[in-house]
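J.: Just dropping this structure here.
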Amino acid sequence: MEAPLVTVVVPTRDRPELLGEALEGIAEQRFSDYEVVVVDDSPGGEAAAVNRQVVRRFGDRFR
């Protein structure tokens, strides 16, 4: 498997609703040779768990 041309790094902390909006915007792009890496600085707990659920909605390209 060849690595994607572009890696998009999305930092987040305790804002799953904004994370979802940001990832939707990325997913809607016509360019398709990319991966998305979400860097979650949440201290754990509920916000971190919700962030993981949000990321999973977008499939393997998003991690």
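The values are calculated or read from the model by the stated rules, or taken from the named source; none is laboratory data. All of these numbers come straight from a predicted model, not from anything done at the bench. Counting neighbours? That spans all protein chains shown, and the Cβs are built from the backbone with ideal geometry, glycine included.
J.: If you go through the stretch 9-51, how many residues are touching an Asp or Glu at 6+ places or on another chain (Cβ under 7 Å) and not in a helix (DSSP H, G or I)?
T.: 4
Rundown of residues vs (1) more than 9 Å from the chain's Cα centre (by Cα); (2) modelled with pLDDT of 95 or more; (3) surrounded by 15 or more Cβ atoms within 10 Å (Cβ to Cβ); (4) more than 16 Å from Pro11 (Cα to Cα), yes/no style:
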| position | (1), (2), (3), (4) |
| --- | --- |
| Ala22 | no, yes, yes, no |
| Glu28 | yes, yes, no, yes |
| Ser32 | yes, no, no, yes |
| Asp41 | yes, no, no, no |
| Glu46 | yes, no, no, yes |
| Val50 | yes, no, yes, no |
| Asp60 | yes, no, no, yes |
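J.: Are any residues in the stretch 39-51 out of contact with any Pro (no Cβ under 7 Å at 6 or more places or on another chain) and either on the phi > 0 side of the Ramachandran plot or among the hydrophobic types (A, V, I, L, M, F, W, C) (or both), and if so, which ones?
T.: Across the stretch 39-51, the qualifying residues are Gly44, Gly45, Ala48, Ala49.
J.: Which residues, taken from the stretch 25-38, are out of contact with any helix residue (DSSP H, G or I) (no Cβ under 7 Å at 6 or more places or on another chain) and either in contact (Cβ under 8 Å) with a residue 12 or more places away in the chain or at positive phi (or both)?
T.: Ile26, Ala27, Phe31, Asp33, Tyr34, Glu35, Val37
J.: Among the residues that make up the stretch 3-20, is at least one of them modelled with pLDDT under 95, loosely packed, with under 10 Cβ neighbours inside 10 Å and of a type in the set (D, E, K, R)?
T.: Within the stretch 3-20 (the criterion being modelled with pLDDT under 95, loosely packed, with under 10 Cβ neighbours inside 10 Å and of a type in the set (D, E, K, R)), the answer is yes, since at least one residue qualifies.
J.: Something else: Answer with yes or no whether Val54 is at pLDDT 95 or above, touching a Pro at 6+ places or on another chain (Cβ under 8 Å) and either β-branched (Val, Ile, Thr) or assigned to a helix (DSSP H, G or I) (or both).
T.: no
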